Amino acid sequence: MRWFVIGSALLVLVSWYCLGQPTLRSLVPDAYNPLVPLNINDEVTPLTRWKLERLKQDDGACQVVLAQAVKTSDIDVRPVGSFVVQGCPLKNVSRVYRTSVAFNASFLASCPLVVSWLVFERQRLQPITRDMLGTSVARVRHYGSFACRNIYHRANAPRSEHASASAFDLAALELADGRRLDLLTEWPKGDARSEYWHTLFKGACDIFGTSLGPDYNQAHANHFHLGTRRFGLCR
């Protein structure tokens, strides 16, 4: 909520500044300018999640951001369109093979989720890893993104974010220097690796609409659930 209030106030001020003084528009950094589309290279600001939220309502704009990221970065993300799988409609999804990291398996993800992950990776995952561990992330182990199911597989529950390929479950990391980090065993220890995981989770909360970690409940003890459905849920 704090980020939303700050972001809304900043949005009003920046909009007035940009629209009221066009000749000075170039002085406003793109990351703080609501008139400039999201770029994965922009720093994270109170407007970042707002710009990501807008992409959920505009398939074309999301594909433009993703296409630009693919064009300017060494990543392999391939749009596959919209279709229905096992009764679950998938809209504007891509298959992610590789970004700046390798994955234990490719996965389907909605366009807003792919863009959110790329922002997280560029602006939080790799910088935090370099700052705290002195290296970079080489490989991500995950538990998938798409699964046509209700929340917790309960018959009367709403559809999970995974049912629309709008959430990604991060479980472990392999670093460029060969070290392996495991969320399940390291999160609760209270040591340097635990501090790293907690810092990484806070970084995810800056970007994803929904961030659920081991402190949320036992079902999330071994992974971060990173999704796009809400606006700043961090637990």
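Largest first and in whole Å, the equivalent-ellipsoid semi-axes of region 137-235 read 24, 14, 13, each the square root of five times a Cα gyration tensor eigenvalue.
Distance distribution note for region 20-129: the fraction of Cα pairs above 17 angstrom is 57%.
How many angstrom separate the Cα center of region 162-235 from the Cα center of region 106-129? With region 162-235 and region 106-129 each reduced to a Cα centre, they are spaced 13 Å. About its Cα centre, the dipole of the chain is roughly 500 debye, where the only charges are +1 on Lys and Arg Cβ and -1 on Asp and Glu Cβ. Per residue, the average separation of C-alpha pairs within less than 8 Å and at least 6 apart gives region 72-195 a relative contact order of 20 percent.
For the chain, the longest principal axis of the Cα atoms and the long axis of helix 192-205 meet at an angle of about 50 degrees. Backbone amide hydrogens, once placed in the peptide plane, bring residue 107 within less than 5 Å of 96, excluding anything fewer than 5 places away on its chain.
Order the following by accessible area, largest value first: 151, 207, 75. Probe radius 1.4 Å; ligands, DNA and RNA are ignored.
Largest accessible area first, the list is 151, 75, 207.
Sequence-distant contacts, meaning Cα pairs under 8 Å at least 6 residues apart, place the relative contact order of the chain at 14 percent.
Size descriptors for region 69-158, from the alpha-carbon set: Rg then Dmax equal 15.2, 47 Å. Amide hydrogen proximity for residue 150: with H placed 1.01 Å from N in the peptide plane, the residues at 5 or more positions away or on another chain lying under 5 Å are 160. Full extension of the segment from residue 216 to residue 80, taken as 0.36 nm per residue of separation minus the current Cα-Cα distance, would add 45.7 nm. Once the chain from residue 131 to residue 95 is taken as fully extended at 0.36 nm per residue, the excess over their C-alpha distance is 9.9 nm.
Computed on the Cα atoms alone, the convex hull of the chain gives a volume of 132 cubic angstrom per residue.
By accessible area, using a 1.4 Å probe on protein heavy atoms only, the chain has 54% of its surface on carbon and sulfur.
Taking +1 at the Cβ of each Lys and Arg and -1 at the Cβ of each Asp and Glu, which of 185, 196, 207 sits farthest along the dipole of region 159-235 towards its positive end, judged by Cα position relative to the Cα centre? Among 185, 196, 207, the one farthest towards the positive end of the dipole of region 159-235 is 207. Take the Cα of residue 184, step 7 Å toward its Cβ, do the same at residue 35, and the gap between the two points is 5.2 nm. The magnitude of the dipole of region 55-107, with charges of +1 and -1 set on the Cβ of Lys/Arg and Asp/Glu and taken from the Cα centre, is near 80 debye.
The values are calculated or read from the model by the stated rules, or taken from the named source; none is laboratory data. This one's a predicted model, so the numbers in the text were calculated from it and none came from an experiment. Because the Cβ atoms are built from the backbone with ideal geometry, glycine has one as well, and the counts that use them run over all protein chains shown. Surface accessibility is based on the protein's heavy atoms, side chains included, excluding ligands, DNA and RNA. Shrake-Rupley method; radii C 1.70, N 1.55, O 1.52, S 1.80 Å.
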